[in-house]
Amino acid sequence: MKKQIVRLLLLALSCSAVFGSCKKDSKTDWVTDTEISTQSDDEHSFSNHVDAIANDVNTGIEAIGSLVTGKITSTLCDATVVFDSTATSRRITITYDGTTTCHPNFTRSGKVIMTIPFSVRWKDSAAVVTIAYDGVKIIRVKDGKYFTINGSHTVTNVKGGLLKDLSSLGSIVHKIESSGMKITFNDGTERSWQVAKKREFNYSGGVVISTRGLHSDGTRNDIAEWGINRKGRSFYRAITSPLVVRQDCDFRLVSGATLHSNPAFTATVTFGLDATGAATSCPGIGSSYYYKAVWTSVGGSSKTIIMPY
């Protein structure tokens, strides 16, 4: 049961990343080339893949228990995981193989390196690991669009505990924070984005993952990512209502809302809706949830769409 929970958590975040990468496959091509849709797409894809990679690191830590120098494992189906240590730290290196073995909608290549002080145990309260990205390139299969991540962020195990024990612990809280993740987009644009968010794992008829923003700019205190977008405009992405993924709904995003804001426009996106735009319970397997997106320019003009995801 414990190993199954860890595997399912990996699947959950992988599904989130698929959603972030593929939500533009819907009939919104009329807006694909605008700054609005590009910015929204960039933010969702970056955020979801960072979450998925953080979960890969969790899987690596919990699958082994103690880190054994030189040990190699195929815990992840699209990566090789190598464990080693020094006198002061332990390390996990994940090397993605650039295939669609696990995820038919995107590929990942490059390395992610997790380090933790030798004296720290991940299961302890307030334990911190550092996750460094070394040329991690994520390519969307449908259209070949990609971005590359370098830099690092920390993950803090706020309350302590391991995800494999979630059903008995009740809840586990992780914080993801970075003062600067370097992103290179497929058009050659390079930017630095900052991250501050909390992911809470609960067990209620299955795994429930809720994500909230943690950063405050003096006006809002729910900002998850912020920086400069491709067009050189400052932006932030706030999570105005927790983004909730549930195992008992096939690990789908069942509710939540975000606000994308920059000097040119704002965009609100609400998830977990039916085709009319009303909140709904989990649709059957194979059926769709819908999201509602409303874009508003500084001049006051707006556009609304409701599409499946």
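The values are calculated or read from the model by the stated rules, or taken from the named source; none is laboratory data. Keep in mind that this is a model prediction, so the values were computed, not measured. Note that we place each Cβ from the backbone using ideal geometry, even for glycine, and neighbour counts take in every protein chain shown.
State yes or no: is Arg199 of a type in the set (Lys, Arg), surrounded by 17 or more Cβ atoms within 10 Å (Cβ to Cβ) and closer than 20 Å to Val128 by Cβ?
Details: of a type in the set (Lys, Arg): yes; surrounded by 17 or more Cβ atoms within 10 Å (Cβ to Cβ): yes; closer than 20 Å to Val128 by Cβ: yes.
Yes, satisfied.
Residue-by-condition table, conditions (1) in a strand (DSSP E or B); (2) under 25 Å from Phe251 (Cβ atoms); (3) under 17 Å from the mean Cα position of the chain (by Cα); (4) not aliphatic (A, V, I, L, M):
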| position | (1), (2), (3), (4) |
| --- | --- |
| Gly151 | yes, no, yes, yes |
| Gly160 | no, yes, no, yes |
| Ser179 | yes, no, yes, yes |
| Ile183 | yes, no, yes, no |
| Gly188 | no, no, no, yes |
| Trp193 | yes, no, yes, yes |
| Arg212 | yes, yes, yes, yes |
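Being in a loop (DSSP other than H, G, I, E, B) and of a type in the set (A, V, I, L, M, F, W, C) is the filter; apply it to the range 90-140 and report the residue that is modelled with the lowest pLDDT. Please lay out each step first, then the result.
Keep residues of the range 90-140 that are in a loop (DSSP other than H, G, I, E, B), which gives 98-105, 118-126.
Next, only the ones that are of a type in the set (A, V, I, L, M, F, W, C) stay: 102, 118, 120, 122, 126.
Working: Cys102: 81, Phe118: 87, Val120: 90, Trp122: 91, Ala126: 97.
My answer is Cys102.
What strands (runs of 3 or more DSSP E) lie completely within the range 248-297 and have 1 or more residues being over 25 Å from Ile223 (Cβ atoms), out of contact with any helix residue (DSSP H, G or I) (no Cβ under 6 Å at 6 or more places or on another chain) and among the aliphatic types (A, V, I, L, M)?
none
Taking the condition of being touching a helix residue (DSSP H, G or I) at 6+ places or on another chain (Cβ under 8 Å) and of a type in the set (Lys, Arg), how many residues in the range 126-158 meet it? Walk me through how you get there before you give the answer.
Quick first cut of the range 126-158, residues touching a helix residue (DSSP H, G or I) at 6+ places or on another chain (Cβ under 8 Å) only: 129, 131, 133, 136, 138, 140, 142, 147, 149, 153, 155.
Subset that is of a type in the set (Lys, Arg): 140, 142.
The number of residues fulfilling the criteria is 2.
Filter the range 298-309 for residues that are part of a loop (DSSP other than H, G, I, E, B) and either hydrophobic (A, V, I, L, M, F, W, C) or at pLDDT 90 or above (or both) and give the result.
Val298
Being in contact with a strand residue (DSSP E or B) (Cβ under 7 Å, 6 or more places away or on another chain) and not in a strand (DSSP E or B) is the filter; apply it to the range 222-247 and report the residue that is surrounded by the fewest Cβ atoms within 10 Å (Cβ to Cβ). Explain how you work it out, then say what you get.
Pass one, the range 222-247, residues in contact with a strand residue (DSSP E or B) (Cβ under 7 Å, 6 or more places away or on another chain): 222-230, 234-247.
The next check asks that each one be not in a strand (DSSP E or B); those that pass are 222, 229-230, 247.
On the way: Asp222: 20, Asn229: 20, Arg230: 17, Gln247: 19.
It comes out as Arg230.
Tell me which residues, restricted to the range 285-309, are more than 12 Å from Thr266 (Cα to Cα) and touching a residue at least 60 places away in the same chain (Cβ under 8 Å).
Matches in the range 285-309: Tyr291, Ile305, Met307, Pro308, Tyr309.
Could you tell me which residue of the range 251-284 is surrounded by the most Cβ atoms within 10 Å (Cβ to Cβ), considering only residues that are without any contact (Cβ under 8 Å) to a residue 40 or more places away in the chain and farther than 21 Å from Ser210 by Cα?
Top of the filtered list is Ser261.
Only residues that are among the hydroxyl-bearing types (Ser, Thr, Tyr), at pLDDT 95 or above and closer than 20 Å to Thr154 by Cα: list them for the range 176-220, please.
Ser178, Ser210, Thr211, Ser216
When residues of the range 133-186 are filtered for being among the hydroxyl-bearing types (Ser, Thr, Tyr) and under 27 Å from Asn202 (Cβ atoms), how many remain?
Qualifying residue count, the range 133-186: 6.
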